[in-house]
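The values are calculated or read from the model by the stated rules, or taken from the named source; none is laboratory data. Computed from a predicted model, the values in this text were never measured in an experiment. FYI the Cβ positions are ideal-geometry reconstructions off the backbone, even for glycines, and counts take in every protein chain you see. In case anyone asks, the SASA skips ligands and DNA or RNA and just uses the protein heavy atoms, side chains included. Shrake-Rupley method; radii C 1.70, N 1.55, O 1.52, S 1.80 Å.
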Amino acid sequence: SGALPGVANARSRLQESRERLSVCSKLCYAVGGAPYQITGCVLGFFLQIYLLDVAQLDAFYASIILFVGRAWDAITDPMVGFFISKSSWTCFGRLMPWIIFSTPFAVISYILIWFVPDISRGQVMWYLVFYCVFQTLVTCFHVPYSALTMFISREQSERDSATAYRMTVEVLGTVLGTAIQGQIVGKVDTPCIKSPLFIGMTNSSVALEELNMTHDTGSLTDTRNAYMIAAGVIGGLYILCALILWAGVREKRESSELQSDEPVSFFQGLKLVMNHGAYIKLIAGFLFTSLGFMLLEGNFALFCTYTLGFRNEFHNILLAIMLSATLTIPFWQWFLTRFGKKTAVYVGISSAIPFLIMVVVLDSNLIVTYIVAVAAGISVAAAFLLPWSMLPDVVDDFKLQHPSSRGHEAIFFSFYVFFTKFTSGVSLGISTLSLDFAGYQTRGCSQPSEVNFTLKMLVSAAPVVLILLGLLLFKLYPIDEEKRRKNKKALQDLR
């Protein structure tokens, strides 16, 4: 009988070693997070300037494409989540078929977003349709990928470790996307059209204009080709990452059977979550701060090109932002464990404000712009990391208040994503629309002073106001370090 506990211990050790993930498995899992981040980052930084200056769409139509595409992207998250929860188990697992089958179609639609069709009418519909189709297909990849965390191991520590790998690769993905797109497109000089005012001053204005137009068509073809090459490279990376994920990660059915408690219906769960005060305050705070950073992201390329006059430098400035963000994520991870998450929010996110004001107040200066880019990157890292580290605290708080209600994690995460995507669509739509009202000149070498003023508002004044509003809302957020420790202890006692 004395041998029985030994046998039990050996069995549990064997079970643990089975659940342990190899470094290779964790890396393969982490690589799956890259496609979503790479494509999302490229679309965020480059789509607006591409639609306006390369596809030469009217700013009003560009604003419709950007708004509808982002709003549709927000709606697809809960929809795809609902369909996945209803899908049955296959020999590849329940989630993996979604990832594999959506990949080729996602890549094709992504490449077609960066293609300028030779049709005088219907260009707007072309971009709108392929942008929405791509957003749907990338959601069919990313939602099951996010849920995969729960099915790679039963060990909480192994899942946390895999998530840390994933976060690192996702941040590297944003740098990779910015670098590939920026360096390929930045190698080509996008031609601009001189203001008609200057052309009119010469006697041979017609000849000059003709000369300009033939030179422009030639160079614009080079720019369009550069965008297509970049899209092809990123499409190839997307497929490679999906194959690595499929080859290196096994979905474990027994892990899913852990979740077999009787779930509450979706709408009941949604009602409970939306009535949870801490969640609403956290979402409201991050909604305003992330909206500020999204305005900066969406308009930064235009601001660098026209207001600052660094037409051939903006891709390097973008790269400086993303590299700075990547390198400072470990610092913020250390800071929030040392000083607490609420302090990290105030220090991290507010640190961007003086630099955002500086870039607009000081005269156009390349060195100052790079300093601002690095400083903005430090803040972007905090804004990227903190929501994902604070959401689990809110979920724990919710579990303590509703101990009998389970299985709401997906609602917490998917609706946070839904709100941020929807507001980013609104912000991009409004900003492109305000450029239209200001009299934006498609492919102009320079812009009217009203456009430059609008761009200053969009990358400085508006983000600063939104960040300050968000930080004020964080004053209401109830979970500080003391409350977090109490919750952790109460949850351990409950278990």
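Residue pairs whose Cβ atoms lie under 9 Å apart, separated by 6 or more positions or on different chains, with the first residue in segment 148-162 and in the same structural domain as GLY81 (by the TED database) and outside any helix (DSSP H, G or I) and the second among the polar types (S, T, N, Q) and open to solvent by less than 20 Å² (accessible area, probe 1.4 Å), are ILE152/SER255; SER153/SER255; ARG154/SER255. Looking at this structure, is LYS421 assigned to a helix (DSSP H, G or I), open to solvent by 40 Å² or more (accessible area, probe 1.4 Å) and charged (D, E, K, R)? For LYS421, the condition - assigned to a helix (DSSP H, G or I), open to solvent by 40 Å² or more (accessible area, probe 1.4 Å) and charged (D, E, K, R) - is not met. Total residues in segment 345-382 satisfying the condition of being surrounded by 15 or more Cβ atoms within 10 Å (Cβ to Cβ), of a type outside the set (A, V, I, L, M, F, W, C) and under 16 Å from GLY309 (Cα atoms): the figure is 2. Across segment 308-344, the qualifying residues are those that are open to solvent by less than 40 Å² (accessible area, probe 1.4 Å) and over 19 Å from the mean Cα position of the chain (by Cα), and the one among them that is nearest to LEU362 (Cα to Cα) is LEU308. With the structure loaded, tell me whether ARG154 is closer than 22 Å to ALA247 by Cα, surrounded by fewer than 22 Cβ atoms within 10 Å (Cβ to Cβ) and in contact with an Asp or Glu (Cβ under 6 Å, 6 or more places away or on another chain) or whether it fails that test. Against the criterion (closer than 22 Å to ALA247 by Cα, surrounded by fewer than 22 Cβ atoms within 10 Å (Cβ to Cβ) and in contact with an Asp or Glu (Cβ under 6 Å, 6 or more places away or on another chain)), ARG154 qualifies. When segment 294-313 is limited to residues that are in a loop (DSSP other than H, G, I, E, B) and at pLDDT 85 or above, the one that is nearest to VAL374 (Cα to Cα) turns out to be GLU313. The set of residues in segment 383-416 that are outside any helix (DSSP H, G or I) and either at pLDDT 85 or above or buried (at least 18 other Cβ atoms within 10 Å of the Cβ) (or both) contains only HIS408.
Listed here are the residues, each with its yes/no results for (1) closer than 19 Å to TYR29 by Cα; (2) open to solvent by 40 Å² or more (accessible area, probe 1.4 Å).
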residue	(1), (2)
PHE82	no, yes
SER87	no, no
ILE99	yes, no
TRP114	no, no
ASP118	no, yes
LEU128	no, no
CYS132	no, no
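Of the helices (runs of 4 or more DSSP H) that lie entirely inside segment 434-494, those containing 3 or more residues that are among the charged types (D, E, K, R) and at pLDDT below 90 span 481-494. Among the residues of segment 347-368, at least one is assigned by the TED database to the domain that holds PHE293, under 16 Å from THR328 (Cα atoms) and not in a helix (DSSP H, G or I). Against the numbered list (1) farther than 17 Å from VAL133 by Cβ; (2) in contact with a helix residue (DSSP H, G or I) (Cβ under 8 Å, 6 or more places away or on another chain); (3) not aromatic (Phe, Trp, Tyr), LYS86 comes up short only at (2).
Looking at GLY177, GLY182, just one residue is farther than 29 Å from GLY248 by Cβ, assigned to a helix (DSSP H, G or I), within 21 Å of the chain's Cα centre (by Cα) and at pLDDT 75 or above, and that residue is GLY182. When each of ILE229, ILE239, ILE199, ILE234 is tested for being open to solvent by less than 40 Å² (accessible area, probe 1.4 Å), part of a helix (DSSP H, G or I) and either within 30 Å of TYR36 (Cβ to Cβ) or at pLDDT 95 or above (or both), the lone residue that passes is ILE234. Considering only residues of segment 11-31 that are assigned to a loop (DSSP other than H, G, I, E, B) and open to solvent by 30 Å² or more (accessible area, probe 1.4 Å), which is modelled with the lowest pLDDT? Among those that are assigned to a loop (DSSP other than H, G, I, E, B) and open to solvent by 30 Å² or more (accessible area, probe 1.4 Å), it is ARG20.
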